[in-house]
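Here's the structure, in structure tokens; my notes come after.
The values are calculated or read from the model by the stated rules, or taken from the named source; none is laboratory data. Just so you know, these numbers come straight off a predicted model, no measurement behind them. FYI the Cβ positions are ideal-geometry reconstructions off the backbone, even for glycines, and counts take in every protein chain you see. Side chains are part of the model used for accessible areas, which takes the heavy atoms of the whole protein and leaves out ligands, DNA and RNA. Shrake-Rupley method; radii C 1.70, N 1.55, O 1.52, S 1.80 Å.
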Amino acid sequence: MAQEQAKQFLQQGIAAARAGRPDIARDILQQAIRLDPQNETTWLWLSSVARDDKERLFCLKQILTINPQNEFALKGLRALGVQTAGPAAPTAPTSTIPTVTDDKYGRIQQAVDDFLRHYNPEPDKSAEVTWGKKTKRRYGEGGAQRLRQVTYAAAALLIVVVVGGGVFLLSSLTGGSDSEGTPVAVNATRTPVTPTLTPTPTIGGPTPTGIRINGQTPTPSPTPAGLVAHGNAYSAPEPTEIRPTLNPFVRGQIAKSNSNAVALYSNGQYQEALAVLENAHQYFDQNQECYASLVYYEALTQVALDNIDQAERLLEQAQNYQMPPNSIRGEEGYESCRMDAPLLLTALGHIRFLQGQYDEALALSQQALDQAPALVQASVTKARVLLIREQYADALNALRESPAWNEGDTNLLVVAAEAKLSDMSSPANNARDALGYIAQALYVEPLCQPALQLQARAYLQLAAVETAPGKQQEYYGWAVLSAQTLWLHYASDPTAYLYLAEARIGEQNTDMAETELTRVIDAGLPDTSEAQNYIEAAYRLRGELYYADGRLNDAFLDFEKIVNDTPRRDEQHLDLLNKLLDISLRLEQYLGDNGADGWIARLIAADPENTKVYLIQRAKLYVETCTFVDEIDCEYEDMRQVLDDEILVDPTGLSPEQLANAYSYRAQAQYYVAAGDAEEQQAAYLQALADINQALAVRETALDHYYRGLILEGLGDESSLRQALREYQWVVYWNTTYAYPFVDEAFEDRMADLTERIENIASTPEPTEEAPEATEEPSAAATEEAQDGATATPRPTNTPTDETETDATATPPPLP
């Protein structure tokens, strides 16, 4: 990775400098600068092995552009007699800068190769860039020669930082594999939150009930009074009694020995449970009877199957039920279905929560709890609303107020763990607290599915905030084991594969992570909102893996599927749109809906508050990129108007870097417009010069120096031509380090022609008094004034010469 390799070059350069080999140190440190140009320490060491004071001055000023308060740089400049009242900035070169000859460069490169072989550095994995020459569809050139090759490089590959990022990608979801793997099944097996004391797990084999850290198994502290283990890892227990107790008539219909609807529902076998419940409902309809517990379970089962409208109709019919007169059982003989029945209010509150109607969900749940405090589902819904509002302490209190809390109800313990994991005020401590609640749930029910899901998530969160590499890897290892345990007993649970993939990414085992994510995507999950959340999460994580690995076409397909299938305007969606834009530019896909221009349009539509930022990116496309790409027609005049009217007229909200880019693109557009407009050419060049100076005052790029040379050359007077030549020499000098692709034979010919023009002007005798005055050309003094005074910005940076090559005598800076 570029950053790591830059650090390695820095260490090698320091070693060479300390060994008294400044020439080798200088070349190695320049390689580090190429990979990480914003590293103050590297520039400081480079200044210590500079050839002369001019080169040392350049390095120190570069440090101050990064950090104006750098003490070493300020002291160094003062030692060189440079004022440091304000942040130093580059100034125009005042001397000729020679290029490095091929022979000299070969000798230096040989020495560098010998030194690098000694230190055995990692190979450079930077992306290769192909430079192209535009041959058609240009306009606005005039007499100016085009740049020959593209001047932007592919961006460094993004590292998938699962440390924090991947964990939170799944925080809204409720969620291993061996070498062979098991396909994800279509049917879901999640354990729902119910008014049952403990949910019933799917039958499974032996499994650990907790993952240990440093030999310590997370245990409840303190253990709630009355905590009873209702299950084990070897058999499936009977579901515990629900609250309120089932009416005997309902129990007889839905809790038969081979068709216990409550058990089926708790096991996630919703279709089977629904069949039993619908038969019971039909039986009681025929007898003109209504039981709230029957409607409650039937409604929740419909919700679990994503049939929310049907669930609402069931509840509405039950609440409007009128008991027939002269009922032989009487009202006390069965549960009354009425508007304020606690179970019906609880179910309706749960539905309102899923629909995002949080105020109503909270009110309904509280109304149910006022009548029946033991209704666990009502407590759970209330707590989840408070979690969405980030009222974490209130959510925990709502759970602890339930009579079932001290009995170890797993539903309450699971939501308590979620509350702790969601509270990022102290992520490490809260993750440990969550593991305590999870351990309680697994003590009560060793195969509690949501607890196993949260266990993996908790260890991922601990790894996300851990700074010690060894400890972090340990947490990732426990996350792997937790996810594998979940997968072992719930092979149809997509979260097992998602969390396992995240843990594998943390272990830097991306091949295994990709395998797990592909299993989720190819599993054929049902077309429910919950399943689609899992699939989207898998596409997102896999796309990030591809993106980091440089597999841009694959990453494009995964990201594109997400933004097309689930369009929205949240932060993650905007991040994907920006990545799609970046990929399009790097793959040279510029036009059309799936090209860079199309993604810019979608970003403007999705994020109108940052329209200026996206318009600057469009200006780059139609001013800078188009200059080198045949497929794009440049729109110099149109983009100049956009920059004038929509961006630079009021640059509020733009960063200095974004503003510098805007000035640079306007300068480039102005240059080409000026080249084709003889009447206003001088004024246009001066405006372009002022803009390019504004850009260079913020940051220096070879392209801006090149365009400054073009603009100065366009002005045409002797002083401007000399300055243009110095700009080109600046580019040539640093080309020995950065190898700018546009420094080719045509560039060398331009410099030769420019040198000849300057010599001809210098040898031309002064005009006699009788000679006609040139009224169209500005005076040299006027040109200098425009160049130096048009904007209060510094000039391009001084660069060193070969006139005096002396060894550096400055004391090397300390190690960082």
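Structure summary
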| item | result |
| --- | --- |
| N610 paired with S763, simple spin-label distance in nm, labels 7 Å along Cα-to-beta-carbon | 5.7 |
| Potential extension, T737-Q357 segment - 0.36 nm per residue separation minus Cα distance | 130.7 nm |
| Extension gain, D309 back to E646 (0.36 nm per residue minus Cα-Cα distance, nm) | 116.6 nm |
| Label-point separation, Q69 to D511 (7 Å along Cα→Cβ), nm | 4.8 |
| Segment 278-408: radius of gyration and largest Cα-Cα distance (Dmax), Å | 15.7, 51 |
| Carbon and sulfur %, accessible surface of segment 594-655 computed with the full protein complex present, 1.4 Å | 46 |
| Segment 412-553 - accessible surface per residue (Å², probe 1.4 Å) | 30 |
| Carbon plus sulfur fraction of accessible area for segment 21-70, probe 1.4 Å, in percent | 41 |
| Virtual spin-label span in nm between D633 and R18, 7 Å along Cα→Cβ | 6.2 |
| Per-selection Rg to Rh, segment 672-715 - Cα, Kirkwood hydrodynamic radius | 0.99 |
| Solvent-accessible surface ranking, highest first, for V480, V82 at 1.4 angstrom | V82, V480 |
| Positive dipole terminus of segment 515-655, leading residue within P608, Q641, F556 (C-beta point charges) | F556 |
| Euclidean distance of C-alpha centroids, segment 526-602 and segment 350-379, integer Å | 37 |
| √(5λ) per eigenvalue of the Cα gyration tensor, segment 634-744, largest first, Å | 23, 19, 12 |
| Highest to lowest packing among 360-366, 286-292, 722-728, scored as the average C-beta count within 10 Å | 722-728, 360-366, 286-292 |
